[in-house]
Amino acid sequence: MNDLKNIVMPLLSWYKKYARILPWRQLSCAYHIWVSEIMLQQTRVETVKTYFTRFINELPTILDLSQCNEEKLLKLWEGLGYYNRVRNMQKAAIQIMSRYNGKMPNSYEELLSLPGIGTYTAGAISSIAYGIPVPAVDGNVLRVIARITANYHDITKPATKIEITQQLQEIIPQNEAGNFNQALMELGATICVPKGEPHCLLCPVRAYCKAFHHGYINQLPVKEKKKARRVENKTVLLLICDGAVALQKRENHQLLAGLWQFPNIEGHISLSSLQQQLKQWKIPAKQIQETKQTKHIFTHIEWHMKSYLIICKSQAIDHCMQFAWTFRQELEHIAIPSAFQPFLPVINPHIQS
């Protein structure tokens, strides 16, 4: 017998009383749920609130998303990272327009067939928007159920996710699937938290939690230790000429593919080495100043960056380096990845509208 069934009623009662008021919960609209769930992947709720509101205001329908030009789309996503997610959303929106007359499909299987929608997102949309009794199992839910059932299997393994999904499929209430899934997510986000001590005394289902009763809370969930991130050193060139800054578009096979960046080279190079490199590139620099140092952490890589502010004599360099010389007004409409945003205060005094 699945003892998990005992958590259903107290969890639902707790959720209806204490659920946070969030903009995407107001309408239970499939499009809104989709946008919010993609944004919430590896991003805090408080951060997503502002992004979500702006995104929906600018692109209120799936048609608007399907027709949005790439620069605007990426600018709306600027700061969230993982830009392929919003690119996949647009691909999915185009398919929805052609296959489903602009309406989100209302079956789990059809949702799962769309670009960028996996089992969790398909489960969230189908249960919350359409009431389909399908679990939506993300990291929060895996942690909660692992603790409640004292499951010592590694939650990063697909087999464990399948196991927990099957357990939840047996108990998900037919008439309140959306509320149940959201309640589990809410419990993991606010009570059974991933970092620090969980707030067990506030938990509505602690009476049924094996980890709480046996003192296993700090041992669960079991997760494979992540590999150390690879460190890459970079030297960022902040090239200024006549009030414009040089940008480069990253190649499609690179991290941050297709996004604009400040030109940069591998390694940390000295001032003398930089001067030699600029001569080789025929970049006519009249002033060079070492400026900001920063680092940016991706999932598997760390960029450690130093930078030079370089005032150039002319823009005659763009024919060989493929620079786009950009003034302030244009820069405001271009998505600059978070990795390069710390350098914006350095260039701002030197660029013109």
Original post:
Given labels modelled 7 Å from the Cα in the Cβ direction, how far is it in nm from I21 to K75?
Top reply: 3.2
Subject >> Under 13 Å from the Cα of K157 - aspartates and glutamates, other chains or at least 8 residues apart >> reply: D138, E224
Subject >> Compactness relative to 2.2 N^0.38 Å, alpha carbon Rg of the chain >> reply: 1.19
Original post:
So what are the ³J(HN,Hα) numbers for segment 223-235, from phi and the Karplus equation (6.51, -1.76, 1.60; θ = phi - 60°), rounded to whole Hz, Gly and Pro as x?
Top reply: 9, 4, 5, 6, 5, 4, 5, 6, 9, 10, 8, 9, 10
Original post:
Under a point spin-label approximation (7 Å from Cα along Cα-to-Cβ), what is the Q174-E224 distance to one decimal in nm?
Top reply: 3.9
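Which value, in Å², gives the accessible area per residue of segment 1-97 when a 1.4 Å probe is used on the protein heavy atoms?
49
Which percent, nearest 5, of DSSP beta bridges in the chain are antiparallel? Provide the component values of the computation, followed by the final result.
Numbers: 20 of 32 bridges.
Percent antiparallel among DSSP bridges in the chain is about 60.
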Subject >> Per-residue HN-Hα couplings for segment 205-215 [Karplus 6.51, -1.76, 1.60; θ = phi - 60°; Hz; x = Gly/Pro] >> reply: 10, 5, 4, 10, 9, 5, 5, 5, 6, 9, x
Original post:
Carbon-plus-sulfur fraction of the accessible area of the chain, 1.4 Å probe, in percent?
Top reply: 50
Original post:
Residue farthest toward the positive end of the dipole of segment 204-353, with Cβ of Lys/Arg at +1 and Asp/Glu at -1: which of Q352, Q287, W303?
Top reply: W303
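Counting only heavy atoms of the protein chains, get the accessible area per residue of segment 176-268 (1.4 Å probe) and round it to a whole Å² value.
Working: 4860 Å² over 93 residues.
Counting only protein heavy atoms, the per-residue value for segment 176-268 is 52 Å².
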**OP:** Check the straight Cα-Cα distances from K75 and name the aspartates and glutamates below 20 Å, setting aside those fewer than 8 residues away within the same chain.
**Re:** E37, E46, E58, D64, E251, E330, E332
Original post:
If you place +1 on the Cβ of every Lys and Arg, -1 on the Cβ of every Asp and Glu, and leave all else neutral, what size is the dipole of the chain about its Cα centre, to the nearest 20 Debye?
Top reply: 680
Subject >> Stretch gain in nm, segment I94-L63, where the contour uses 0.36 nm per residue and the Cα spacing is subtracted >> reply: 10.4 nm
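In percent, how large is the relative contact order of segment 253-313, given Cα pairs closer than 8 Å and 6 or more residues apart? Walk me through the intermediate numbers first.
Numbers: 52 pairs, mean separation 18.2, N = 61.
Contact order relative to length: 30 percent.
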Original post:
What does the charge dipole of segment 135-184 about its Cα centre add up to, to the nearest 20 debye, if the Cβ of each Lys and Arg holds +1 and the Cβ of each Asp and Glu holds -1?
Top reply: 160
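Sequence gap at least 6, Cα distance under 8 Å: using those rules, report the relative contact order of the chain to the nearest whole percent.
Details: 543 pairs, mean separation 58.5, N = 353.
In percent, rounded to a whole number, it is 17.
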Original post:
When only DSSP loop residues count, what trypsin sites (Lys or Arg not before Pro) in segment 246-353 have their Cβ near at most 15 other Cβ atoms within 10 Å?
Top reply: R250, K282, K313
**OP:** Would you pull out the residues with amide H under 5 Å of A285's amide H, same chain only if 5 or more places away, H placed 1.01 Å from N?
**Re:** K313
Original post:
What are the lysines whose alpha-carbon lies under 17 Å from the alpha-carbon of K103, with same-chain residues fewer than 8 places away excluded?
Top reply: K91
Original post:
Could you give the distance between the Cα centres of segment 71-94 and segment 119-190, to the whole Å?
Top reply: 26
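Scanning the chain for GluC sites (Glu not before Pro) in DSSP loops with at most 11 other Cβ atoms within 10 Å, what's the longest stretch left with none? Could you put the intermediate results ahead of the total?
Numbers: sites that count: E224, E251, E332.
Between the exposed loop sites, the longest stretch runs 1-223.
For segment 57-163, run through the chymotrypsin sites (Phe, Trp or Tyr not before Pro) and keep only the ones in DSSP coil with at most 14 other Cβ atoms within 10 Å of their Cβ. Intermediate values should be presented prior to the final figure.
Values: sites: W77, Y82, Y83, Y100, Y108, Y120, Y130, Y152; in loops: Y82, Y83, Y100, Y152.
Answer in residue order: Y100, Y152.
The values are calculated or read from the model by the stated rules, or taken from the named source; none is laboratory data. What you see is a predicted model; the values in this text were computed from it and never measured. Because the Cβ atoms are built from the backbone with ideal geometry, glycine has one as well, and the counts that use them run over all protein chains shown. These area figures cover heavy atoms from the full protein model, side chains too; ligands, DNA and RNA do not enter into them. Shrake-Rupley method; radii C 1.70, N 1.55, O 1.52, S 1.80 Å.
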